[in-house]
Amino acid sequence: MHDSTENILVTGGAGYIGSHVVRDLGEQGYKPIVYDNLSTGNKDFVLYGDFIKGDLKDTNLITKIIKKYKIKSVIHFAAYIVVEESVNKPIKYYNNNFFNSLNLIKSCIENGVENFVFSSSAAVYGISEEFPVKENSQLNPVNPYGRSKMFTEILLEDISYIYKNFNYIALRYFNVAGADKKLRIGQKYENPTHLITLALKTALGEYESLNIFGTDYNTPDGTAIRDYIHIDDLSNAHILCLNYLKKERKSKVFNCGYGQGYSVLEVLNTTKKVTKVNFKTVNSKKREGDPPILIADSNLIKDKLGWSPKYNDLEFIINSAWEWEKKLKKGE
Ligand SMILES: NC(=O)c1ccc[n+]([C@@H]2O[C@H](COP(=O)([O-])OP(=O)(O)OC[C@H]3O[C@@H](n4cnc5c(N)ncnc54)[C@H](O)[C@@H]3O)[C@@H](O)[C@H]2O)c1
């Protein structure tokens, strides 16, 4: 346990992933200070700490909060996350994901923040020839969302090089799914784009059918292969990152996935098994920029942080998300 007076600033802490990390921070004795404009977040997802409604672009307010709460550590989730939208609205994405991150980081270094955990993404790899991808594999993001994450990583590298008291970890998440065991928090996007969520909502009758984008990839069943990670294992990785930064004071980049790939068809078959609904699927064309296979090599985070995932089981992940979706549908 930690000194409960240790405040951790969590931007985007009312969102899907942020709210799980806020839960874990609270359970570990930290005090999360959640800063979120609620553009896609939910205030009632913030289970611990203080909540401040604010926008990242408000640098004066951010600076005030960092000073007021004597913040030494920041976990930065706030961003826009819809890949297709980023292609159509690049300015919106560069503004929020890159420019607002730059201002936040500037305020951090000017006000004595020492530790910074950044939500990066497997999208920084783009179409990779390698699988599993390693942290030092070539970065080749193919859309503004992935590029905004890559540029922020580069920015963090340059800043931590010259500001020696400022260290960061960029965590590259793969496909995140599932919900809190007690079903207090989970995914609640207005326009979901994640496969498991869409499949479950289709099983619940919220959509008529589910599109399978690409059935002629060079993979065993022709559909794209991804690495799915349960939210609780990802959340735990953030706590380990924070503790590592505080102790070791070294910057790092880590993949965070299970190193195991499932094809779209495998995910859908498992979803049908879990939900017992044989929902309709429609074969559609590949989406531009969708790599055939994206699987994480996560040996580095295991070696350096002792990260030891507990829920590497597709059926468990889908079931966890299913329980949440049913609860959302009932409007509980
Ligand atoms: N969900 C995934 O599978 C996934 C995969 C890779 C990376 N990520 C990254 O993880 C982070 C969190 O994603 P999520 O899935 O929880 O999304 P989310 O939309 O649920 O969470 C983002 C949160 O940030 C807030 N926010 C956005 N812009 C803001 C601003 N300008 N000022 C203040 N608050 C703002 C939103 O209100 C929301 O609460 C993002 O940075 C995303 O890029 C997510």
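The values are calculated or read from the model by the stated rules, or taken from the named source; none is laboratory data. Owing to the predicted nature of the structure, the values given are computational and were not obtained by experimental measurement. Note that each Cβ is placed from the backbone with ideal geometry, even for glycine, and that neighbours are counted across all protein chains shown. Please note that ligands, DNA and RNA were not included when accessible areas were found on the heavy atoms of the full protein model with its side chains. Shrake-Rupley method; radii C 1.70, N 1.55, O 1.52, S 1.80 Å.
Summary of values
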item: Accessible area in the full protein assembly, largest first, 1.4 Å probe, for F279, F131, F51; result: F131, F51, F279
item: Under 20 Å from K273, Cα to Cα: aspartates and glutamates that are on another chain or at least 8 residues apart; result: E206, E208, D221, D227, D313, E315, E323, E325
item: Karplus (6.51, -1.76, 1.60) ³J(HN,Hα), θ = phi - 60°, over segment 226-232, in Hz, Gly and Pro reported as x; result: 9, 9, 9, 10, 6, 3, 5
item: Per residue Cα convex hull volume in Å³ - calculated over segment 198-332; result: 132 Å³
item: Segment 125-253: C-alpha pair distances exceeding 18 Å, %; result: 69 percent
item: R184 paired with K164, simple spin-label distance in nm, labels 7 Å along Cα-to-beta-carbon; result: 4.2 nm
item: Contact order normalised by residue count of segment 226-268, Cα under 8 Å, 6+ apart, percent; result: 70 percent
item: Helical mean residue ellipticity (222 nm; -39500 (n - 2.57) per DSSP H run of 4+; nearest 500) of the chain; result: -11500 deg cm²/dmol
item: Relative contact order for the chain, counting Cα pairs under 8 Å that sit 6 or more residues apart, in percent; result: 18 percent
item: The chain pair-distance distribution - Cα-Cα, 10 Å bins, rounded %; result: 6, 26, 37, 23, 7, 1
item: Under the Karplus curve 6.51 cos²θ - 1.76 cosθ + 1.60, θ = phi - 60°, whole-Hz ³J(HN,Hα) for segment 26-31, x wherever Gly or Pro sits; result: x, 5, 8, x, 7, 10
item: Amide hydrogen neighbours beyond the local backbone of I225, cut-off 5 Å, H modeled; result: I293, L294
item: Largest to smallest principal axis extent of the C-alpha atoms in segment 271-324, angstrom; result: 44, 32, 15
item: Size-normalised alpha-carbon gyration radius of segment 181-230, reference 2.2 N^0.38 Å; result: 1.38
item: Carbon/sulfur fraction of accessible area - segment 1-91, other protein chains in place, 1.4 Å, %; result: 51 percent
item: Set of segment 88-112 residues, backbone N closer than 16 Å to the point 7 Å along the Cα-Cβ line of S39; result: 88-105
item: Å² of accessible area per residue within the chain, as computed with a 1.4 Å probe and no ligands counted; result: 45 Å²
item: Rounded D (µm²/s) - segment 28-118, Kirkwood Rh over Cα pairs, Stokes-Einstein at 20 °C, 1.002 mPa s; result: 153 µm²/s
item: Total formal charge among the other residues, if their Cβ is under 10 angstrom from that of N42, Lys/Arg +1 and Asp/Glu -1; result: 0
item: Acute angle (nearest 10 degrees) that the helix 59-68 long axis makes with the longest principal axis of the chain, alpha-carbon atoms; result: 60 degrees
item: Net +/- balance of residues flanking L300 in space, Cβ distance below 12 Å, scoring K and R +1, D and E -1; result: +2
item: Distance between modelled label sites at K326 and E130, nm, 7 Å Cα→Cβ extension; result: 4.2 nm
item: Apportionment of accessible area to carbon and sulfur, segment 104-215, percent (1.4 Å); result: 47 percent
item: Full-extension gain in nm, N95 to S209, via 0.36 nm per residue minus C-alpha separation; result: 37.6 nm
item: Only Lys, Arg (+1) and Asp, Glu (-1) charged, at Cβ; the chain dipole about Cα centre in debye; result: 740 debye
item: Estimated inter-spin distance, D221 and N312, nm [label 7 Å along Cα→Cβ]; result: 2.1 nm
item: Cα-centre dipole for segment 52-136 with unit charges at Cβ (Lys and Arg positive, Asp and Glu negative), debye to 20; result: 640 debye
item: Segment 260-281-segment 1-67 distance, computed between alpha-carbon centres (Å); result: 35 Å
